[in-house]
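The structure under discussion appears below in the form of structure tokens.
The values are calculated or read from the model by the stated rules, or taken from the named source; none is laboratory data. Bear in mind the structure is a predicted one, so any value in this text is a computation, not a measurement. Cβ: placed from backbone, ideal geometry, glycine included. Neighbour counts: every protein chain shown. Ligands, DNA and RNA are stripped out before the accessible areas are found, and what is left, the full protein with its side chains, is counted by its heavy atoms. Shrake-Rupley method; radii C 1.70, N 1.55, O 1.52, S 1.80 Å.
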Amino acid sequence: MTAWAALVDFFKRYATFRGTSSQRAFNWVTWFWGVIYLCLMCVVVMVAGLGTFFGKRGNVATESSPLMGTVSFLIVVSAIIAVIVFIPNIALYTRRLHDAGFSGWWQLIPMGCYVAFAALVIIFHIDKASSSYNLIRWIPVSVSIIFSLWLTFVKTKFNSPYI
């Protein structure tokens with residue numbers, strides 16, 4: 001499957017939780033959105049860095065509102081993209097899990113890590129500056145990355161009950 005065909009399939013079957021998606025289709029779409037988010041974050045960092053550099057080094061001290069406006073705009077664009085692809089990503093992960101011979105409910109493991117992290121922060125009032133926050137904040141991200149990598153490399157199970 002080509003990259004374009006995988007993206008078309010991704011949006012055509014945006015709410016289809018039955019059936020399977022091939023390993024190639026999953027890889028094209030997952031890593032495509034990963035590169036998009038990485039590029040967006042690089043733009044945010046570059047804009048923030050350049051704004052800070054020129055704001056402090058210029059002849060006239062500038063206020064940070066234009067810089068924050070640009071960063072806020074890029075964050076809003078990123079959030080809109082995330083909302084648009086949330087349901088299609090869940091459907092894609094479900095179909096890929098079916099292709100590998102697993103139930104689609106397995107994707108609750110990484111989602112549950114994020115919920116558990118948020119609950120820990122809220123219940124124990126963990127401050128962002130504390131060492132425990134710095135220790136546990138990477139656990140859900142790591143679980144998500146490992147889960148995506150596992151789905152990237154796990155082979156198709158041809159006698160799966162979900163096919």
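Residues in segment 117-142 that are in a helix (DSSP H, G or I), of a type outside the set (Ser, Thr, Tyr) and over 24 Å from Trp33 (Cβ atoms): Ala119, Leu120, Val121, Ile122, Ile123, Asn134, Leu135, Ile136.
Which members of segment 117-131 meet the condition of being open to solvent by 50 Å² or more (accessible area, probe 1.4 Å) and of a type outside the set (Asp, Glu)?
The initial filter retains those residues of segment 117-131 that are open to solvent by 50 Å² or more (accessible area, probe 1.4 Å), namely 120, 122-125, 127-129, 131.
Once the filter is applied, which keeps residues that are open to solvent by 50 Å² or more (accessible area, probe 1.4 Å) and of a type outside the set (Asp, Glu), segment 117-131 yields Leu120, Ile122, Ile123, Phe124, His125, Lys128, Ala129, Ser131.
May I ask you to verify whether Val121 is closer than 24 Å to Ala15 by Cα and over 15 Å from the mean Cα position of the chain (by Cα)? Lay out the reasoning, then the answer.
Numbers: closer than 24 Å to Ala15 by Cα: no; over 15 Å from the mean Cα position of the chain (by Cα): yes.
For Val121, the condition - closer than 24 Å to Ala15 by Cα and over 15 Å from the mean Cα position of the chain (by Cα) - is not met.
Can Ile90 be described as under 26 Å from Ser160 (Cα atoms) and in a helix (DSSP H, G or I)? Yes; evaluated as a whole, the condition is true for this residue.
None of Val43, Val60 is surrounded by 14 or more Cβ atoms within 10 Å (Cβ to Cβ), modelled with pLDDT under 90 and of a type in the set (Val, Ile, Thr) except Val43. Cβ separations smaller than 9 Å between residues 6+ apart or across chains give the following pairs from segment 23-44 residues that are part of a helix (DSSP H, G or I) and among the hydroxyl-bearing types (Ser, Thr, Tyr) to residues that are modelled with pLDDT under 90 and surrounded by 13 or more Cβ atoms within 10 Å (Cβ to Cβ): Tyr37/Ser78; Tyr37/Ile81.
Being in a loop (DSSP other than H, G, I, E, B) and touching a helix residue (DSSP H, G or I) at 6+ places or on another chain (Cβ under 7 Å) is the filter here, so list the residues in segment 143-162 that pass it.
Kept after step one, since they are in a loop (DSSP other than H, G, I, E, B), are these residues of segment 143-162: 154-162.
Of everything in segment 143-162, those that are in a loop (DSSP other than H, G, I, E, B) and touching a helix residue (DSSP H, G or I) at 6+ places or on another chain (Cβ under 7 Å) turn out to be Thr156, Ser160, Tyr162.
If the condition is being surrounded by 14 or more Cβ atoms within 10 Å (Cβ to Cβ) and not in a helix (DSSP H, G or I), then segment 100-116 contributes Ala100, Gly101, Phe102.
Just name the residue that is farthest from His98 (Cα to Cα) out of those in segment 134-163 that are open to solvent by less than 40 Å² (accessible area, probe 1.4 Å) and at pLDDT below 90. Step by step, filter segment 134-163, then rank; the result is Ile136.
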